[in-house]
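Step one of this worksheet: look at the structure below.
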Amino acid sequence: MRKTSAIDLAYLWKHLRKNWAAVFLSAVFGLGIAFCITNWVIDKKYVSVIKLYVYISSEDSLRLSDEVSALTYAQRVVNTYIQMLRTYSFYERVQAAAGSSYTAEELEGMISFSSLNGTEIFSAAVMAEKPEDARRIAQAIGEIAPGVISGIKETGELKIVDPPRLNLKPVSPNLKLNLTLGIISGCVISFGFLLLKDLTNARIQSAAELNEKYGLFILAEISDIGKAGRKKRASKYRGRKL
């Protein structure tokens with residue numbers, strides 16, 4: 001049993017220095033595995049975003065007493081419009097307009113709405129496996145959403161602020177993050193294995209270890225002459241016999 005955390009840290013550092021080559025190779029191996037999985041196993045995801053402006057009619061504006069209430073009202077309208085668009089019928093209409101092979105249920109998981117900094121603008125982000133699909137679906141949202149809102153609320157109106165663009169850079173998987181995790185995993189797994197192997201090894205490796213574990217001392221120690229030395233000694237004795 002080691003008595004203090006300082007000794008434990010020293011023990012870990014000692015074994016890290018002793019096995020640094022194995023840990024380094026494991027880190028490189030983990031890096032390679034993470035790179036291969038990221039590039040050839042995990043499906044890439046692309047996002048296309050459309051931004052829509054909520055137009056408040058003059059009739060609704062006359063009901064507002066000051067600027068603060070106007071902003072509050074705009075935020076409420078934005079949230080209301082988002083809820084109007086989060087319906088199965090809306091996703092069905094988007095699917096038909098985009099001519100997409102995705103089902104309405106799949107589109108529900110691919111499309112996310114969010115208000116932007118408490119303004120009258122909200123965005124619809126579409127994540128798909130192909131950048132062309134993401135933009136096509138986002139364009140369909142821009143075509144369908146204004147009609148859905150005006151059909152529910154006569155004074156409701158949406159205007160496109162920023163049309164969707166073709167984004168060829170995938171947002172998922174995160175290559176840098178996965179490579180970092182691969183390196184860390186390789187280091188932790190290899191060092192943990194080597195440490196566990198050392199802790200479960202019941203053999204005494206040195207006089208210092210004997211004293212550390214059991215508080216015993218030795219009077220003398222016979223050094224290992226090595227394989228070459230043993231062969232040399234054996235040949236010497238054979239020569240004497242002759």
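Taken together, the values in this text are just the output of simple stated rules run on the coordinates, not laboratory data. In this text, all values refer to a predicted model and were calculated from it rather than measured experimentally. Cβ sites come from the backbone with ideal geometry, for glycine too, and all protein chains shown count toward neighbours.
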Using a 10 Å cut-off around each Cβ, can you sort Thr38, Thr103, Thr180, Thr200 from fewest to most neighbouring Cβ atoms?
Thr200, Thr103, Thr180, Thr38
With a sphere of radius 15 Å drawn around the Cβ of Ser190, what net charge do the other residues whose Cβ falls strictly inside it have (Lys, Arg +1; Asp, Glu -1)?
+2
Expressed as a whole number of Å, what is the distance separating the alpha-carbon centroids of the range 131-172 and the range 88-106?
13 Å
Here the net charge surrounding Pro164, from other residues whose Cβ is less than 15 Å away from its Cβ (Lys, Arg +1; Asp, Glu -1), is +3
Would you mind ranking Ile82, Ile37, Ile137 by Cβ crowding within 10 Å, fewest neighbours first?
Ile37, Ile82, Ile137
May I ask for the equivalent-ellipsoid semi-axes of the range 46-162, computed as the square root of five times each C-alpha gyration tensor eigenvalue and listed largest first in whole Å?
28, 14, 11
